[in-house]
Amino acid sequence: MKHFNRTRIVPVLRTSLLLALVVGIGCAMIGAETAFPGPVQTSGVGPLRPAFTTETNIDGAVAGQALEIERQAIGSSQATASGHLFYAAAPFLDDRPGRQDGLGDGMVDWNQFAARRILRSAPRNDLGFDEGDVVLEAEFAWEQGAVFDPWVVALPDGSVRLYYGTAGGKIGVAEAPSVDGTFTKRPDSIVDGVSPSVVANPNGGWLMFFESPMGIGLATSSDGFNFDVQSEDLGWLLPADDNDETPNEAQLRSPGALVAVTPAGRLVIRVYFEVVFDDGSTRISMAGGDVDWNFDRLEGYVYEGDVEAGTPRPHLTPEGITVLYASVASRNLQRRHLIAGVIPPHHRFAEPPAED
Amino acid sequence: MVKATHIGAAALFALALMLPSAASATPPDVYGFGVRSVALGGAVSADVNDPSANYHNPAGLAVNEGIRLSVGYTSLTPQLQINGQRSDVERFGQIQIGMIAPVQLGSSTIAFGLGLVLPDQRLARTRSVIIDRPRWEMYDTRSQRVYLASTLAFRPVDWLSLGIGITFQATSELTLDIEGDLSLLGTVENSRLRHGFEGDLTSIRYLQGGIQLLLHERFRVGVTYRGEYTLTSTINALANTPIVAGGAEAARLRFALRSASTNLFSPQQVSVSTATYPVDGLRIGLELTWYDWSKHPSLISTNTIVLALDPEIVDVPDEISSIPPMDLGLHDVFVPRVSVEYAAVDNEVLGLDLRAGYAYENSPFPTQTGLQNFVDGDKHYISAGFGLHLRDLEPTVPGALTIDGYFLYMRLAERTHQKQLLVDGVGDYVSSGNLFGFGLSAELAFE
């Protein structure tokens, strides 16, 4: 091993320092803070984000309002893959009775309105809709004067079926050659219940989730017309917690279903529904199930806004985004508003409006 | 209303702090240490003798006759994806400095070494875990850490070298103490709150050691051990504040939070390595490393929160709960590595080595089927590099200058995370990714 003398050490140190300086200055940089990992949600559990006005192009009375109609009350609505909106609505009666006693603040008193019928709005390039035209009205005795809760299923040949609820507590079905065609009703009801939501059964045939007097029921069919009721209550009501001062769930109703394929490639059935609490308030929750109908109930709520919400009808975009159309209580206690909600909430169809 | 707002703020503060906290291992564990060693896929423990021996095998320090100094820069750019969307994981760059100082004592050699990694963006980072946001645990935070190793090696006989080292890290304990008066009726400006902050970074040390057996001029064996350590991070927040109304104390608010989390964990590791020189100028390295990942503690912090108001003039929650620590479910892994080095040019003035390395790391993280979302994937590691030796630098430098460089590609295999619960807060996702890196260093080896 050699020993350094001073004349040799100095150039060594000089070279080393130069190297360190070049590498250090040339490469080092001051760190910029980066964002936390972004959110990911593919399960459709929400929470629902009311659509921005830039997404609906409707500056309504409530956040996310997707349809503006004058002097009418709105029931459940469904946006279809074709971009049409089917909804139930009825205009005020000129000479209407007083509001029913005991009706929750957010509920529509349909006695104050003309008979409900089903309307269809044409597609737009956003999440909002213009007022539509009537496509279905009550005509059979078993419908008892009102049709509502539309649910449209498109078939591969382009024809559509429109399932609907009636004031008679029975579900009917109508058919049209295309989504914008004329509907022809089948004369008989197909299931006892209201608020039908029909999706293709991943195992073949059709599944209908519907509201029964017991809760949310499930019926199956091979042809979409003849249904066998498998259950009148799928048992999704959360048990009451007597130690908790918050209201307990009392009833589930108005199911709206979809079948999704997750990024993992598995088929799941998601059913959104309205939860009625024992104090009369309402929220939206959901359940997820596999192809064998094993369901998990979400213990929280998809929509917990400051207004009461219900009648959820989901629509899945090709990108896997759920747009949930629902009705929310209005400041005018006589009617409700249709809103569009986006799940997952971080998704943007359009940038939010600039703040004033 | 004022009191409710203030108590709400305190509760929010508590909730913000009680979020789970972050973790993982050292930068060299993830990205390697030393440009030559990275180019060789880390399969170097049997014969490493450059400054990267401070990490790979301290015994290699004593297989030197002169002082060696190196400084280099390495960079790794992750391009990681979840469901086809780019994850926001930042580029990682670091300055690596290494030094070896051997001393000849008769027929034996003793060598001192120092290895230092300085991240070029921040010296340390701790980030909360947001449990329902999938995070690339191996790449998000763990790289943001200074690494300092001090080593000593002894070569008593020609065929045996022994090394031992200590690596330094720091745990942290931070305390926020709030006191003063909280006005019940006035505006925020009427409240007089003071806070004190105390931070304590306590150093911890862990052991590493190694052996190199120079069994034959064409065959060497190395064994390296690196000890386990856990860095904890503790946050204390204390408030003991009278709430004043009309000049008198209306109530007293007491708030205490203690959040203890694992900030960084490095598993104990054992590497067994061989280096073979079948013909002149050709080196083949093999290495197998065991990582004891199954000991990894939960990444979710343990929190104790007390919120009391005396008398209780507004409702305060009886209990503020958070997610309890959960088993990560990690398993031990064995990582095989292989490397090839060929001396393409080798004369008294110039030398050029060409290098390549490969490693396969079976991810210790399981697929994320439950509440946790720590994303990782099995990793293929492919590297290629060079070493340019300038051997005739006298009289400017009494020794040789080596310029090393590498390019590195890591492929994180696609992994499907299918949740058990069909209403999971995140849902199913698919993760995959690529990482691209380069490194450049200069090393002076004095005669």
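The values are calculated or read from the model by the stated rules, or taken from the named source; none is laboratory data. Keep in mind the model is a prediction, meaning the values are calculated, not measured. Cβ sites come from the backbone with ideal geometry, for glycine too, and all protein chains shown count toward neighbours. Heavy atoms of the whole protein, side chains included, go into the accessibility calculation; ligands, DNA and RNA do not. Shrake-Rupley method; radii C 1.70, N 1.55, O 1.52, S 1.80 Å.
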query = Relative contact order (percent) for the stretch B:296-411, with alpha-carbon contacts under 8 angstrom and 6 or more residues of separation?
reply = 19 percent
task = For the stretch B:293-447, take the alpha-carbon Rg, divide it by the Kirkwood Rh, and send me Rg/Rh.
result = 1.26
ask   = Measuring from centroid to centroid over Cα atoms, what is the spacing of the stretch B:405-430 and the stretch B:318-397 in Å?
value = 19 Å
For the protein assembly as shown: lysine pairs under 26 Å (alpha-carbon distance), excluding those fewer than 8 apart on one chain = 4
query = Roughly how tilted is helix A:6-27, in degrees to the nearest 10 and between 0 and 90, from the longest Cα axis of chain A?
reply = 20 degrees
remark   = The answer for the protein assembly as shown, accessible area per residue at 1.4 Å probe in Å², is 43 Å²
request  = Would you work out if chain A is rounded, prolate or oblate? Take a ≥ b ≥ c from the square roots of the eigenvalues of the alpha-carbon gyration tensor; rounded if a/c is under 1.5, else prolate when a/b is larger than b/c, oblate otherwise.
outcome  = prolate
request  = Please tell me the relative contact order of the stretch A:94-146 in percent, rounded to the nearest whole number, where contacts are Cα pairs under 8 Å and at least six residues apart.
outcome  = 28 percent
inquiry  = Threshold 40 Å², probe 1.4 Å: give the residues of the stretch B:407-430, in number order, that are less accessible with all protein chains present than with their chain alone.
reply    = B:418, B:422, B:423, B:426, B:428
request  = Treat each spin label as a single point 7 Å out from the Cα along the C-beta direction, and report the residue B:101 to residue A:105 distance in nm.
outcome  = 7.8 nm
note = The size of the Cβ-based charge dipole (Lys, Arg +1; Asp, Glu -1) of the protein assembly as shown about the Cα centre, to the nearest 20 debye, is 3000 debye
key: Cα gyration tensor, the stretch A:129-207 - rounded (a/c under 1.5), prolate or oblate   = oblate
key: DSSP-loop trypsin sites (Lys or Arg not before Pro) across the stretch A:89-176, with at most 11 other Cβ within 10 angstrom   = none
key: With at most 15 other Cβ atoms within 10 Å, longest stretch of chain A clear of loop GluC sites (Glu not before Pro) (DSSP)   = A:140-244
task = At most 14 other Cβ atoms within 10 Å and a DSSP loop assignment: could you name the GluC sites (Glu not before Pro) in the stretch B:192-266 that fit?
result = B:217
task = With a/c under 1.5 counting as rounded, go ahead and sort the stretch A:213-356 into rounded, prolate or oblate using the C-alpha gyration tensor (a ≥ b ≥ c being the square roots of the eigenvalues; past the cut-off, prolate if a/b is larger than b/c, else oblate).
result = oblate
remark   = Here the FRET efficiency for residue B:272 versus residue B:164, based on Cβ atoms and R0 = 22 Å and rounded to 0.05, is 0.80
